[in-house]
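Since the structure comes first, as structure tokens, the remarks are kept for the end.
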Amino acid sequence: MNDYCKLMEQIGVPKELESRVLSAARRQAAPRTASKRSGRLLRGAVCAACALALVLGTVHLAPRKGAALEYTFGLTAYAAETGETVLPNANGALALTSGTGIASEEAGHYTGCLFQVTGEGIETVSLSVDRGGLYRSETRTGLTDEEVRRLFQQQERGELVCDVYGEDEDSPMNAEVMTALGASVTEHFDPEVRYGFWVPEYEAGPDEDLKQAAWDSIDTFDGAKLTVTVTFADGREQSKTYTLSTGRLRVEYSEDGRRTMLPQLAGDKESFVYGIYAASETESRWLRWPVQDSRTVSLGNPYGTVNGRTHSGIDIPAVQGAVILAAADGTVTEVGIDAERGNYLVLDHGDGLETVYAACRDVTVEEGDTVKAGGMIAAVGSTGMSTGPHLHFEVRQDGQAQNPVAYFDSAIRDTLTAE
């Protein structure tokens, strides 16, 4: 059966994060213009580039003189369509979109959502998910006819599933080979190994929308926990747990061609990819929603650069005078008024995180005040360069504007509407 689509999405990331990356595994996926595969398999139930964004593993020297290397690990994306890896967003969260995979009633749904464990000094890796399952994915190139025949035999025995393809009938064949691992696996670390999310049971009748069936399958992981544990060469063990949520990830295009996925915030006529949004339970920082009685984000002036104009935050329409709330505990570092932002204030939340509230009717706090998350700090207005009452809301990390949507957890994102 033909692929549903060929969306090639990637996550653009803040430039300041590049310094955090020690290494990123990059493997170029082989071209795929012709395919030989079992007729009962559906390849690419929903095809889009897999983009998983998390903090990459690094190695750094311990501060004490003479101390040994201190190892850490992380996850990085593997985009199966392009062979590229993707860096994290500033809040340590990941956006994982349905990529090229395989689905069948016999084998389940291999979603194509691929990631790799990264870091130095890793000896073993253990992965577990508390619903659905995991699988291992590898690309084999330059296969002979005999090797292809053996792959299909293994597939018939239920040992793996594969998608065999090549440039033309006379060229050597390549294959994407996928092996189900169940809900957990522990194995020797291989930096080239890719893992993906697998749903053991997949049902899609002949008259059913297969794309919707694939999305329903991905929803298996809504609310799931992914735990990754590694052991290092020095005998230490480190573990991280990620909370998963699923939905429509809006794709934003900047003028330089970079694409950013905004979690679960797509309008009916906007480009989006369906996938999994995940966040580290220990590394991500979450904000409260800053406007009382409004859960709408304006699409007329989205975050990012559009038509040469950069918008460093999001606009939240609300009635004149609606209560503006502190998104987190913090200190008021600036209160002012200017022609562009109107009445505004800035809160410092520590560790380089700041929030900005602009276009306010009035501000009810003063510089130096300490505020609590959820406390009133201003009222919605239409001051500065505004065409109607709204809050202009920004998030800054180390002085750099970030996509504010990435700082709201799934409980908030699920309630948002875009107009």
* Answer yes or no: is there a residue in the stretch 199-219 that is in the same structural domain as VAL117 (by TED's automatic domain parsing), closer than 20 Å to PHE73 by Cβ and part of a strand (DSSP E or B). => no
* **Hits in the stretch 161-186 - residues which are in a loop (DSSP other than H, G, I, E, B) and in contact (Cβ under 8 Å) with a residue 40 or more places away in the chain** => GLU167, ASP168, GLU169, ALA183
* To do: Scan the stretch 239-248 and give yes if some residue there is modelled with pLDDT under 85 and within 30 Å of GLY119 (Cβ to Cβ), otherwise no.
  => yes
* Asked: Tell me, which residue of the stretch 223-245 that is over 22 Å from TRP198 (Cα atoms) and of a type outside the set (Ser, Thr, Tyr) is surrounded by the fewest Cβ atoms within 10 Å (Cβ to Cβ)?
  -> GLY235
* Asked: When you scan the stretch 149-166, how many residues do you find that are farther than 28 Å from THR186 by Cα and more than 31 Å from the chain's Cα centre (by Cα)?
  -> 1
* Asked: Where in the stretch 75-131 are the strands (runs of 3 or more DSSP E), entirely inside, with at least 3 residues that are more than 18 Å from VAL273 (Cβ to Cβ)?
  -> 108-119, 122-129
* Just for the stretch 90-103: of the residues that are out of contact with any Gly (no Cβ under 7 Å at 6 or more places or on another chain) and at pLDDT below 85, which one is surrounded by the most Cβ atoms within 10 Å (Cβ to Cβ)? -> LEU94
* To do: Determine whether the stretch 183-192 contains at least one residue that is in contact with a helix residue (DSSP H, G or I) (Cβ under 9 Å, 6 or more places away or on another chain) and over 27 Å from THR144 (Cα atoms).
  => no
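The values are calculated or read from the model by the stated rules, or taken from the named source; none is laboratory data. Remember, predicted model here, so these are calculated numbers, not experimental data. Neighbour counts run over all protein chains shown; Cβ positions are idealised from the backbone, glycine included.
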